[in-house]
There are 2 protein chains.
Amino acid sequence: MASRRHAIADDLRSRIADGRIKPGGRLPSEAQLAAHYAVSTPPLRNALALLQAEGLVEKIHGKGNFARQPLRRTTYVGGGRTPARTPLPVSIRTTWLRARGHLNALLGVPPGSPVTEFFCVSHDGKSPHSLARIYVPRDLAPAAAPDASPWPQEVASLLAGPLPQLTKVQENVHVRLPTPSEAATLRISSTLAVLAITRVATDITGRVVEVALLALPGDRAEAVFTTEHTTTERRQEG
Amino acid sequence: MASRRHAIADDLRSRIADGRIKPGGRLPSEAQLAAHYAVSTPPLRNALALLQAEGLVEKIHGKGNFARQPLRRTTYVGGGRTPARTPLPVSIRTTWLRARGHLNALLGVPPGSPVTEFFCVSHDGKSPHSLARIYVPRDLAPAAAPDASPWPQEVASLLAGPLPQLTKVQENVHVRLPTPSEAATLRISSTLAVLAITRVATDITGRVVEVALLALPGDRAEAVFTTEHTTTERRQEG
DNA sequence: CAGTGGTCTAGACCACGAA
DNA sequence: TCGTGGTCTAGACCACTGT
């Protein structure tokens, strides 16, 4: 037997699938569910964690567990700057700071170089959806005042204007748990893995014009990368 | 305070970082650690789960918790067929089957179409590393006998030969928990998220020549995608 | 305030790995 | 067999959300 949490998760999954629990509706409280399945708290919460990771259930702290709408995942499109067709509104906080730590290596600038940080949170309705920290060398950043009040507009329209053409975008994708700060900002459980994307955009001279650190909660986001093979590529042999 | 597990994880992390726990070495048993930190099992295991998700600690069931070597992550390179320079040996099991379910849509073939499945497990030393299920329409697959005994060789050299040139590769990346079967095959905890990649390769006529379902454990793998912008692309405005 | 989820304690029993 | 991690019970207390 594949542990009790899977059995409970399977049952709840089918209840959501066939509509006995309506999309958007609240599940019974964890205490009630635990009583119904005759288990104690941990296995029940583990079952909910499975469904949460699948994106079928969303937990909200003092309120309850909710069945998700028809499992709408947003898709991050790789290969370029944050696309203008972001379907979600974004709040941006602009900060001036000096590069330190990993950022130096990523940006290819000496320590202490001035950079502009755009701290972006996209929203899906009232709740936060995903998070991006975008770093641009100060002299390349739009001349917006730092700490402008949260600015609900799309990222791309802010970043679209005076930037040089970029010729290469490298995106590194990995999985990690959110930092406590990220979990608080995104209002997700600290056990829900996020898709972390480090995007480095380089212009025609080889200079790094943008570094973006994205955190996309694994239950509500995915990323897609498309590669066109225009040239005939050689095939290597063993 | 950010919950007790983080405090414990921070302490263990620094112990690993400064070498008090040597790379590859075994940590004290969970009972001993729990006694040392004066906590009960759950928070201690939660702390280990954090380090495990970071790739710093590897759990092996009847043996113990082990500090990872200098955190060597393997990198999946997107944008093409599985690269020949896979650094890890791969075992392949070949099966003939007929497409059903999602596979039809992905392959763009009618239900029941014959396909060849390559079930691939890459190995890092003695332990399994990651997992791939590759589906190719039967008439495009190399004429290897199905169920050939596990064949330790690189994926690419098997798939390199008689396949048509592919012109488009679309890779969909998301995060999920492993299925119980995957967790068993990969010998990972069922709570450790995996990077799931669905790769669809299309040839010059638009026909799908390969569908690959990859599962890369999040603690030991990452993926990188590079996009070259050869043409000058228009910039969209709000 | 009441109801919810988040974290924790202290212990039990099962499953796996090596000798 | 023994020591290990994996799962579970049955509670307790804290933190967040709404009234």
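The values are calculated or read from the model by the stated rules, or taken from the named source; none is laboratory data. These figures come from a predicted structure and were not determined experimentally. Every residue, glycine among them, receives a Cβ derived from its backbone with ideal geometry; neighbour counts consider all protein chains shown.
Overview of values
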{"quantity": "Residues satisfying the stated conditions in the stretch A:26-41, i.e. loosely packed, with under 12 Cβ neighbours inside 10 Å and either out of contact with any Asp or Glu (no Cβ under 8 Å at 6 or more places or on another chain) or acidic (Asp, Glu) (or both)", "calculated": "A:SER29, A:ALA31, A:GLN32, A:ALA38, A:SER40"}
{"quantity": "B:LEU50 being crowded, with 18+ Cβ neighbours inside 10 Å, within 20 Å of B:SER189 (Cα to Cα) and within 11 Å of DNA strand C (Cβ to nearest atom)", "calculated": "yes"}
{"quantity": "Selection status of B:GLU30, over 30 Å from B:VAL209 (Cα atoms), in contact (Cβ under 8 Å) with a residue 60 or more places away in the chain and of a type in the set (Asp, Glu)", "calculated": "no"}
{"quantity": "Verdict on B:ARG73 being surrounded by fewer than 19 Cβ atoms within 10 Å (Cβ to Cβ), within 14 Å of chain A (Cβ to nearest Cβ) and in contact with an Asp or Glu (Cβ under 7 Å, 6 or more places away or on another chain)", "calculated": "yes"}
{"quantity": "B:SER3 vs. criteria at positive phi and within 12 Å of DNA strand C (Cβ to nearest atom)", "calculated": "yes"}
{"quantity": "Test: residue in the stretch B:52-62 that is at positive phi and either more than 16 Å from DNA strand D (Cβ to nearest atom) or more than 13 Å from every other protein chain (Cβ to nearest Cβ) (or both)", "calculated": "no"}
{"quantity": "Out of B:THR95, B:THR41, B:THR116, sole residue that is away from DNA strand D (no atom under 16 Å from the Cβ) and either within 14 Å of chain A (Cβ to nearest Cβ) or in contact with a Pro (Cβ under 6 Å, 6 or more places away or on another chain) (or both)", "calculated": "B:THR95"}
{"quantity": "Residue satisfying all of: in the stretch A:177-229; touching a Phe, Trp or Tyr at 6+ places or on another chain (Cβ under 9 Å) and small (Gly, Ala, Ser); nearest to DNA strand D (Cβ to nearest atom) among these", "calculated": "A:ALA221"}
{"quantity": "Test set (1) at pLDDT below 95; (2) within 14 Å of chain B (Cβ to nearest Cβ) - A:ASP18 fails condition number", "calculated": "(2)"}
{"quantity": "Qualifying positions in the stretch B:1-24 - surrounded by 18 or more Cβ atoms within 10 Å (Cβ to Cβ) and more than 16 Å from DNA strand D (Cβ to nearest atom)", "calculated": "B:ARG13"}
{"quantity": "The stretch A:165-192, residues that are touching a residue at least 24 places away in the same chain (Cβ under 8 Å), farther than 24 Å from B:THR226 by Cβ and within 9 Å of chain B (Cβ to nearest Cβ)", "calculated": "A:THR191, A:LEU192"}
{"quantity": "Flag if A:GLY55 is more than 22 Å from A:GLN170 (Cβ to Cβ), small (Gly, Ala, Ser) and surrounded by 17 or more Cβ atoms within 10 Å (Cβ to Cβ)", "calculated": "yes"}
{"quantity": "Test: residue in the stretch B:86-97 that is within 16 Å of DNA strand C (Cβ to nearest atom) and more than 30 Å from B:ASP139 (Cβ to Cβ)", "calculated": "no"}
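Yes/no per residue for (1) within 26 Å of A:ARG176 (Cβ to Cβ); (2) in contact (Cβ under 8 Å) with a residue 24 or more places away in the chain:
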| site | (1), (2) |
| --- | --- |
| A:ARG26 | no, yes |
| A:THR41 | no, no |
| A:GLY62 | no, no |
| A:PRO70 | no, yes |
| A:ARG73 | yes, yes |
| A:ILE92 | yes, yes |
| A:HIS102 | yes, no |
| A:SER113 | no, yes |
| A:ASP124 | yes, yes |
